[in-house]
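Asker: Okay, here's the structure, questions in a sec.
The values are calculated or read from the model by the stated rules, or taken from the named source; none is laboratory data. Since we're looking at a predicted model, the values are computed, not measured. Here the Cβ positions follow ideal geometry from the backbone for every residue, glycine too, while neighbour counts run over all protein chains shown.
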Amino acid sequence: MTAFAGKRIVLGVSGGIAAYKAVEVCRRLMDGGAHVIPVLTRGATRFVGRTTFDALASEPVRMSLFDEDDPIPHTTLGQTADCVLVAPATARVIGAYAAGISSDLLTATLIATRAPVVICPAMHTEMWEHPAVIDNIAKLAERGVHIVGPESGRLAGGDEGAGRLCSPADIAAAVGRVLDSGGLRADMAGLSVVVTAGGTREPIDPVRYIGNRSSGKQGYAFAEEAADRGADVTIVTTVDRPGPASATVVKVDTAEEMAAATVKAAKQADVVIMAAAVADFRPIDPVGVKLKKRDGVPAIELETTPDILATLGAAKPHGQTLVGFAAETCDVAGNAAAKLRGKGADYIVANDVTAENAGFAYDTNEVLVLASDGRVHPVGLRSKRQVAQAVLDLVVGDRHSQAQSATQVADGTSRADNQENQ
Ligand code: C5P
């Protein structure tokens, strides 16, 4: 049985280009046995026809606050829902909901419900990063509204950036977790998680640097997944992109800066996820003025950067889980196993960056997770968010079993002590 079976889900659809993906969300919820009631804004109908939802959902589309059969449709919907999902949620709907303004059936239902609410924002990067939207999202997150996404990627009009609606599979999975637990799975509540993301930039001169192809997407997916599961997240990132609403973001550029910020944050962390692609070499002596072509080809001497993962591995506090990454181009398992031993990590998440649709810049990934006790977990091609979910499932599950066996050992010891004392 799925988490959706027999549940009444109000599916709010607002007017963004991503509204077409709500059709797939609707189908997935229906396939899982949910009773889906679609509530569309007027804007949504500019992007997707009512007939589509009428045909797919459990009930016909609702749009009006003034229904002939039901004089108070918003309270009926709000009171009887097991979950209200808005996908996509536009800046307008998010703003109205945060401010408590009900100007249509969807916003009125949001304000009239006590059921868990899942909001999946989708908008252009400029809008998503506007201080008003950032404040509104923070306000909703504080009130316990579940914010799922957005992801980074291709947007309407060919632009790239943060603001893309999460995949229908990820949205359905998030709703499933909400329904399963009466809230998104809060299995990381109380845990402090540090995530590094992006590629470092090592200056050659004031305008040039040595960099790499890392997009930071996998690191952000970890930060988002951990935050949604209730963790207190710090993201140390080279990417100019806001993290999850509740996260602390520390922006860095170089390996040296990332080392300082990560070592500091890791002191108090329960879980450290080193998803960043940290440069291994940097110019010894970056020059203070731009190198000129007329001066000929420069000889740039390199030195090694601090190995952050190895530093953290060597000084790992008791009970901390350290996850390293290995971006490999050959012998993925062999190189990752060597890294696991050499760096003092508890897990290495290895991927073949030459594989199709996996690694740098893609929205999908395929990895092999090696644990320090020799277990190997292959995670097949899926969204980076789902990869993060699979790795965190493993981390959380192992931490749970370790805590349980520590309690049993403690119990055994105290029983033995008691017997001795008798
Ligand atoms: O040895 P390699 O650099 O391939 O190991 C990759 C892992 O080590 C990643 O988790 C990366 O974030 C981390 N790393 C690091 N400091 C470096 C280089 C890599 O923490 N200077």
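Asker: When Val86 is evaluated against the numbered criteria (1) part of a loop (DSSP other than H, G, I, E, B); (2) among the hydrophobic types (A, V, I, L, M, F, W, C); (3) touching a Gly at 6+ places or on another chain (Cβ under 8 Å), which criterion, by number, is the only one it fails?
Answerer: Unmet for Val86, out of (1) part of a loop (DSSP other than H, G, I, E, B); (2) among the hydrophobic types (A, V, I, L, M, F, W, C); (3) touching a Gly at 6+ places or on another chain (Cβ under 8 Å): (1).
Asker: Say whether the condition of being in the same structural domain as Tyr347 (by TED's automatic domain parsing), surrounded by fewer than 24 Cβ atoms within 10 Å (Cβ to Cβ) and either within 14 Å of the ligand (Cβ to nearest atom) or more than 21 Å from the chain's Cα centre (by Cα) (or both) is met by at least one residue in the stretch 225-234.
Answerer: no
Asker: Go through the stretch 350-366 and give me each residue that's under 23 Å from Ala162 (Cβ atoms) and aliphatic (A, V, I, L, M).
Answerer: Answer for the stretch 350-366, where residues must be under 23 Å from Ala162 (Cβ atoms) and aliphatic (A, V, I, L, M): Val353, Ala358, Ala361.
Asker: Looking at (1) more than 16 Å from the ligand (Cβ to nearest atom); (2) under 27 Å from Gly342 (Cα atoms), can you tell me which one Lys264 breaks?
Answerer: Result: Lys264 fails condition (1) only.
Asker: Sticking with this structure for a sec: Given (1) within 25 Å of Cys166 (Cβ to Cβ); (2) away from the ligand (no atom under 12 Å from the Cβ); (3) not basic (Lys, Arg), identify the lone condition not met by Thr238.
Answerer: With (1) within 25 Å of Cys166 (Cβ to Cβ); (2) away from the ligand (no atom under 12 Å from the Cβ); (3) not basic (Lys, Arg) applied to Thr238, the lone miss is (2).
Asker: So which of Leu85, Leu29 is at pLDDT 95 or above, surrounded by 24 or more Cβ atoms within 10 Å (Cβ to Cβ) and more than 30 Å from Val249 (Cα to Cα)?
Answerer: The unique qualifying residue is Leu29.
Asker: For the stretch 57-81, enumerate the residues that are under 14 Å from Val10 (Cβ atoms), without any contact (Cβ under 8 Å) to a residue 40 or more places away in the chain and either among the aliphatic types (A, V, I, L, M) or in contact with a Cys (Cβ under 9 Å, 6 or more places away or on another chain) (or both).
Answerer: The one that is under 14 Å from Val10 (Cβ atoms), without any contact (Cβ under 8 Å) to a residue 40 or more places away in the chain and either among the aliphatic types (A, V, I, L, M) or in contact with a Cys (Cβ under 9 Å, 6 or more places away or on another chain) (or both): Val61.
Asker: Of the residues that make up the stretch 283-291, is at least one closer than 27 Å to Lys217 by Cα, within 13 Å of the ligand (Cβ to nearest atom) and buried (at least 16 other Cβ atoms within 10 Å of the Cβ)?
Answerer: Looking for residues that are closer than 27 Å to Lys217 by Cα, within 13 Å of the ligand (Cβ to nearest atom) and buried (at least 16 other Cβ atoms within 10 Å of the Cβ), one finds none in the stretch 283-291, hence no.
Asker: Which residue is nearest to the ligand (Cβ to nearest atom), if the candidates are limited to the stretch 300-325 and must be surrounded by fewer than 20 Cβ atoms within 10 Å (Cβ to Cβ) and of a type in the set (A, V, I, L, M, F, W, C)?
Answerer: It comes out as Ala310.
Asker: Failed condition for Ala338, given (1) assigned to a loop (DSSP other than H, G, I, E, B); (2) within 13 Å of the ligand (Cβ to nearest atom); (3) surrounded by fewer than 16 Cβ atoms within 10 Å (Cβ to Cβ), with all others met?
Answerer: (1)
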